[in-house]
Amino acid sequence: MLRFDLHASGQAKQSIMLEPSALIVAGWTGRDEAALRHHIEELAAIGVPRPSSVPVFYRNSFLNLTQAPVLEVLGPDTSGEVEPVIVA
């Protein structure tokens, strides 16, 4: 269960609870296409395969959604990425 605070103009803060049932990830996205291409080339240089297309959408386990303040990782090479979430 995820908890969000809704801050609407002119209204009191409202707490909202959400129990997600699906997670779809949009990978290889960005507003700056040149920067995205540069990032793809950087990763290719260290052996990360180029995506088949951009963006790429794929399902993931909704159990990967967390609001935890601390995350456990498997080692020092784990990415520090955090992604925004759109709730619909």
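The values are calculated or read from the model by the stated rules, or taken from the named source; none is laboratory data. Model, not experiment: these values are computed from the prediction. Every residue, glycine among them, receives a Cβ derived from its backbone with ideal geometry; neighbour counts consider all protein chains shown. Note: areas computed on protein heavy atoms with side chains; ligands, DNA, RNA excluded. Shrake-Rupley method; radii C 1.70, N 1.55, O 1.52, S 1.80 Å.
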Legend entry - Extreme residue, nearest to Glu81 (Cα to Cα), among residues of the range 1-32 that are in a loop (DSSP other than H, G, I, E, B), under 21 Å from the mean Cα position of the chain (by Cα) and of a type in the set (A, V, I, L, M, F, W, C): Trp28
Inset, instruction - Please determine, by comparing only the residues of the range 2-32 that are farther than 30 Å from Arg50 by Cα, touching a Lys or Arg at 6+ places or on another chain (Cβ under 7 Å) and open to solvent by 90 Å² or more (accessible area, probe 1.4 Å), which one is modelled with the lowest pLDDT. - result: His7
Inset, instruction - Would you please name the residue that is least open to solvent (accessible area, probe 1.4 Å), looking only at residues in the range 33-64 that are over 17 Å from Glu81 (Cβ atoms) and of a type in the set (Asp, Glu)? - result: Glu41
Inset, instruction - Return the total of residues in the range 46-55 being hydrophobic (A, V, I, L, M, F, W, C) and farther than 16 Å from Ser79 by Cβ. - result: 1
Legend entry - Counted residues, the range 1-47 - those being aliphatic (A, V, I, L, M) and more than 27 Å from Tyr58 (Cβ to Cβ): 3
